[in-house]
2 protein chains.
Amino acid sequence: MDSTAGRRPTVKDVARIAGVSQGTVSNALSGMRGVDPETRQRIDQAIATLGYIPNLAARRMRTGRTNTIAVMTSMPAAVSAGSSRLGFLMEIAASAAIHALDYNSALVLVPPVADPAVALRHVAMDGAIVIEPQTDDAFLLLLKRRGVPVVVIGQPASVDLPWVDMHYYRTAEMLLAHLLTQGARRIALIVGTSSRVSHHVTLERYESWMLLEGIPPCVIYVPEADGEDGSYRATLDLLRSNPDIDGIFASIDAFASGVMRALRDMGRAVPSDVRVVTRYNGLRAREERPALTAVDLHLDQIAALATRLLMDLIAGREIERITAGPIPSLVVRGSS
Amino acid sequence: MDSTAGRRPTVKDVARIAGVSQGTVSNALSGMRGVDPETRQRIDQAIATLGYIPNLAARRMRTGRTNTIAVMTSMPAAVSAGSSRLGFLMEIAASAAIHALDYNSALVLVPPVADPAVALRHVAMDGAIVIEPQTDDAFLLLLKRRGVPVVVIGQPASVDLPWVDMHYYRTAEMLLAHLLTQGARRIALIVGTSSRVSHHVTLERYESWMLLEGIPPCVIYVPEADGEDGSYRATLDLLRSNPDIDGIFASIDAFASGVMRALRDMGRAVPSDVRVVTRYNGLRAREERPALTAVDLHLDQIAALATRLLMDLIAGREIERITAGPIPSLVVRGSS
DNA sequence: CTGAAAGCGCTTACAG
DNA sequence: CTGAAAGCGCTTACAG
C-alpha cells in the first residue's frame with residue numbers, strides 16, 4: 001500500500017502523490033521558477049502527508065553548495081584550549097553560528113588540533129573564517145589549495161585575503177597608554193614566538209613608544225605552545241635580571257596567567273609593585289586575582305561582520321579587502 | 001592537454017591517470033577492499049599529481065553518512081547567550097569537536113535561536129548531542145521525526161533516550177550542604193519555569209532537605225527567557241517579603257547575576273548577610289564580586305563521553321541508557 | 001507553467 | 001584483485 005515504507009520519502013514520492021513531475025516539486029521547493037498556486041498547494045500537501053525532508057547531501061552534490069561555513073584557528077591548544085578554551089575561537093564561533101542562519105547556513109567548528117589536515121579532512125564548506133592566522137598558516141594553505149573563499153579575522157601576513165581589522169595598533173596603544181598613565185616606567189612586553197601580524201604590530205608600537213619615552217625596551221618571547229608555564233618561567237627570569245620592572249604587557253591571556261603566578265611566587269604585589277595588562281578579555285583575565293585589565297575586542301560584532309563578508313564573497317559579490325571592526329574598549333580592572 | 005582543466009579532479013580522473021577503474025580507486029581510498037600494493041601506489045601517485053580531494057557531498061549521498069554530528073540546546077538566548085554565551089553549549093561544543101575528529105567527523109554548532117526548525121533546516125547529521133532538553137523539547141521532537149540518533153546531556157524528561165547523567169541530585173546536595181555548613185538558615189531557591197529535569201530534581205532535593213531541617217521552603221520561579229532581569233525583580237520581591245533570607249541558591253548562573261544585583265541594590269552584604277551559590281561555574285560566576293561559589297560539572301569530560309556514546313549509537317552498537325558522568329566538584333568562592 | 005531526461009561524483013554489489 | 005555498471009536524490013537546462 002505504502003510504497004515509501006522503510007525508506008525516507010524523496011521528491012519522486014512527493015511528485016507521484018501530487019501528480020506532478022520531480023522537476024516541478026523541486027521548483028516549488030526552491031522558488032526558482034514560478035509554480036501554479038494550485039499545483040503548489042497539492043505539492044505542499046503531499047510534502048506534509050509524507051513528512052518529506054529534502055536530502056541535503058543530494059542537493060549539495062547537485063548544486064555544489066554545502067550551505068556550511070567553518071570557523072578555525074591555528075593557535076595551539078595550550079593557548080586556545082584549557083581554561084581559556086572558551087576564548088577567541090568559541091566566542092567568535094557562537095556569534096558566527098547565529099549569523100550564518102540568516103544565510104541558510106550551518107556552522108562547523110574546526111577544533112584547534114595538531115594536524116590541520118586531519119581537522120579539515122571531513123568538512124565540506126562554502127567558505128571559512130580563519131582567526132588570527134600566522135605566516136604560512138596551515139589552515140590558510142589548505143583552504144587556498146581547495147579554493148575555498150576565506151575571510152580572516154585579524155590580519156593575514158602574506159596571503160592576499162580580505163580581513164576584518166581588529167585594530168591591533170590601537171589596542172596596543174590603549175594598553176600602553178594605560179600603563180604609563182598609571183605610573184609604570186619600566187614596562188616589559190611578552191609576546192608569542194609565532195609569526196602573527198598581531199605580534200608584529202604590538203611589538204612595533206611598543207618599541208616605538210618606549211623609544212619616545214626614553215624607556216629601554218624589554219621584550220620576552222615565549223612559544224605559544226608553552227602557554228602559561230612558558231610565560232611563568234620567562235617572567236621569573238625577567239624579574240631576576242630586571243628587578244625594576246613595574247609594568248607587564250602580556251599579549252596573550254595564557255601568558256598573563258603565567259605572569260601573575262610568577263609575580264606571586266616572587267612576592268611582588270599587583271598592582272602596587274607591578275601593573276599587569278593583557279589583550280584578550282577572556283576567562284583568564286576575569287578570573288585572576290586581582291582581575292586583569294584587558295581589552296574588549298567586541299568579538300561578537302567582529303564575527304557578525306566576518307560572516308556577512310564571507311557570505312558576500314561566496315555569492316561572488318565584491319567585498320573590500322579591509323573592513324574595520326568595532327573599536328576595542330579598555331576594561332580597567334584591579335591588576336593595574 | 002589537461003582534461004581536468006577548470007574543474008576539480010574526480011575519481012574518474014584519478015582512475016584514468018592510474019590506469020585503473022573508478023571502483024578500484026574508491027577501494028584504495030576507503031580500504032574496504034584489498035588493493036594490490038603496486039596498483040595502490042599508482043593510484044596514490046595519481047592522487048598526488050592531480051591534487052585530488054574527494055567530493056564529500058557525493059560520498060555522503062552515496063553512503064548516507066554525513067560524518068557530522070551536531071550539538072544543540074533549547075535554552076533561550078537570554079540564558080545561553082550574552083555574557084554567558086560561552087557557557088554550557090560552547091564548553092561542550094569545543095570538547096565534542098575535538099573528540100568527533102577521532103571518528104572522522106565534523107561538529108556542527110546549532111545556535112540557540114527562537115525557531116529550532118530554522119536552526120536545523122540546513123544541517124545534515126548522523127547524530128546529535130542535545131543539552132538539557134525540556135519536556136517536549138522542540139529539538140528532540142524534530143530529531144525524532146527525522147530519525148536522528150540522539151544522546152542527551154543532562155536528562156530527557158519524557159522521551160526514552162540514552163543520556164549522560166550530570167548528577168543533578170548530588171549537585172543540589174553539595175550546594176545546599178555548603179550553604180547550611182556556612183550557617184545559612186533561611187535558604188531560598190530560584191529556578192526556571194521551563195520543564196527540565198534539572199529543575200525538578202533540584203527542587204525535590206531542596207524541599208525534602210528543608211523539611212528535614214525544619215526550614216520553611218521558599219521557591220521563586222523565574223522564566224528562563226527573563227534571564228538576569230527577571231531574577232533581579234524576583235529577588236527584590238523576595239527580600240521584601242522575606243527579609244530574613246540568609247542564603248540563595250540560584251539554579252542558573254544568569255539568575256545568580258540578577259540575585260547579586262538585587263542584593264547590592266538592597267544594601268545586603270554578600271556573604272555576611274546573604275550567602276549565594278549557583279550551579280554552573282561559568283563566566284558569570286567568576287566575574288561577580290564577590291565571585292560565586294559554584295560547581296565544576298567537568299563539561300569537557302561529559303562532552304567527550306557523550307560524543308563517544310553517540311558514535312557507538314550511530315555505528316549501531318548497544319549503549320547503556322544511562323551513563324554516569326564525572327562527579328561534580330564544589331568550587332568555593334567569596335559569595336558564601 | 002510543466003515534464004522528461006541528463007548528470008553531479010561517489011560506492012557497492014555483481015561478475016569475472 | 002579488478003572492471004563495468006547501477007544508482008544514491010536532487011536540480012537544471014531543454015523542449016513544449
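In chain A, the longest principal axis of the Cα atoms and the axis of helix A:168-181 are about 30 degrees apart.
Averaged per residue, region A:11-54 has 61 square angstrom of accessible surface, using a 1.4 angstrom probe with ligands and nucleic acids left out. With a simple spin-label model that places each label point 7 Å from the Cα along the Cα-to-Cβ direction, the separation between B:Gln301 and B:Ala157 comes to 2.9 nm.
The listed residues B:Leu189, B:Leu180 rank as B:Leu180, B:Leu189 when sorted by accessible area, largest first, using a 1.4 Å probe. Here A:Asp102 sits with roughly 110 square angstrom of accessible surface, probe radius 1.4 Å.
Counting only protein heavy atoms and using a 1.4 Å probe, what share of the accessible area of chain B belongs to carbon plus sulfur, as a whole percent?
Reported share for carbon and sulfur atoms: 51 percent.
With the Cα gyration tensor of region B:168-296 giving a ≥ b ≥ c as the square roots of its eigenvalues, does the rule (a/c under 1.5 for rounded; else a/b larger than b/c for prolate; else oblate) give rounded, prolate or oblate? Rounded shape, in that the Cα axes give a/c under 1.5. Taking all protein chains together and rolling a 1.4 Å probe, A:Ile17 ends up with roughly 90 Å² accessible. Using a Gaussian network model of chain A in which every pair of alpha carbons under 10 angstrom is joined by a spring, one finds that among A:Ile248, A:Ile319, A:Ile53 the greatest mean-square fluctuation is at A:Ile53. Label-point distances for A:Arg62 to the equivalent site in the other copies, using a point 7 angstrom along Cα→C-beta, read 1.9 nm when ranked shortest first. Note that region A:240-248 has calculated 3J(HN,Hα) couplings of 5, 7, 10, x, 8, 4, 10, x, 10 Hz, one per residue in order, obtained from phi through the Karplus relation 6.51 cos²θ - 1.76 cosθ + 1.60 (θ = phi - 60°); glycine and proline are x. For the pair A:Ile319 and B:Leu212, label points projected 7 Å from Cα toward Cβ lie 5.7 nm apart.
Within the P(r) computed for the protein assembly as shown, what percentage of the Cα pairs occupies the region above 50 Å? Every Cα pair in the protein assembly as shown considered, those over 50 Å come to 19 percent. Solvent-accessible surface of region B:98-201, averaged per residue with a 1.4 angstrom probe and all protein chains in place: 34 square angstrom. Peptide B:65-75 has a mean of 2 when you count, residue by residue, the C-beta atoms of other protein chains within 10 Å of its C-beta. Between the residues B:Thr39, B:Thr49, B:Val14, the greatest Cα displacement towards the positive end of the dipole of region B:11-54, with unit charges on the Cβ of Lys, Arg, Asp and Glu, is found for B:Val14. Peptide A:101-112 has a mean of 6 when you count, residue by residue, the C-beta atoms of other protein chains within 10 Å of its C-beta. Note on the protein assembly as shown: with charges restricted to the Cβ of Lys and Arg (+1) and Asp and Glu (-1), its dipole about the Cα centre is near 1640 debye. Axis of helix A:299-314 versus longest Cα principal axis of chain A: the two differ by about 40°, to the nearest ten degrees. Computed with a 1.4 Å probe on the full set of protein chains, the accessible area for A:Trp209 sits at about 40 Å². For the segment A:50-63, counting C-beta atoms of other chains within 10 Å of every residue's C-beta and taking the mean gives 5. Here the 3J(HN,Hα) profile of region A:230-239, calculated from phi with Karplus coefficients 6.51, -1.76 and 1.60 at θ = phi - 60°, is x, 5, 4, 4, 4, 5, 4, 4, 4, 6 Hz, Gly and Pro shown as x. Does anyone have the angle between helix A:37-50 and the longest principal axis of chain A? Alpha-carbon axes, 0 to 90°, nearest 10? Approximately 70 degrees, to the nearest 10. GNM on chain A, C-alpha springs below 10 Å: top fluctuator among A:Thr73, A:Thr293, A:Thr135? Largest GNM mean-square fluctuation: A:Thr135. Which residue, B:Pro112, B:Pro149, B:Pro54, has the most motion in a Gaussian network model of chain B that connects Cα atoms within less than 10 Å? Of B:Pro112, B:Pro149, B:Pro54, the Gaussian network model singles out B:Pro54 as fluctuating most. Measuring from a point 7 Å out along Cα→Cβ, what nm distances, shortest first, does A:Tyr169 have to its partners in the other copies? With the label placed 7 Å along Cα→Cβ, A:Tyr169 yields 6.3 nm. About its Cα centre, the dipole of chain A is roughly 1020 debye, where the only charges are +1 on Lys and Arg Cβ and -1 on Asp and Glu Cβ. Ascending distances from the B:Ile319 label point to its copies in the other chains, with the point 7 Å along the Cα-to-beta-carbon line: 3.6 nm. Quick check on chain A: helices-only [θ] at 222 nm, where DSSP H runs of length 4 and up contribute -39,500 (n - 2.57) each and the sum goes over total residues. Nearest 500, please. Rounded to the nearest 500, it is -13500 deg cm²/dmol.
Between A and B, roughly 3800 Å² of accessible area is buried in total, ligands, DNA and RNA not counted and the probe set to 1.4 Å. For the listed peptides A:223-234, A:27-38, a ranking on the average number of other beta carbons within 10 Å per residue, highest first, reads A:223-234, A:27-38.
The values are calculated or read from the model by the stated rules, or taken from the named source; none is laboratory data. Computed from a predicted model, the values in this text were never measured in an experiment. Positions of Cβ are generated from backbone atoms using ideal geometry, with glycine treated the same way; all protein chains shown enter the neighbour counts. Accessible surface areas use protein heavy atoms only, side chains included; no ligands, DNA or RNA. Shrake-Rupley method; radii C 1.70, N 1.55, O 1.52, S 1.80 Å.
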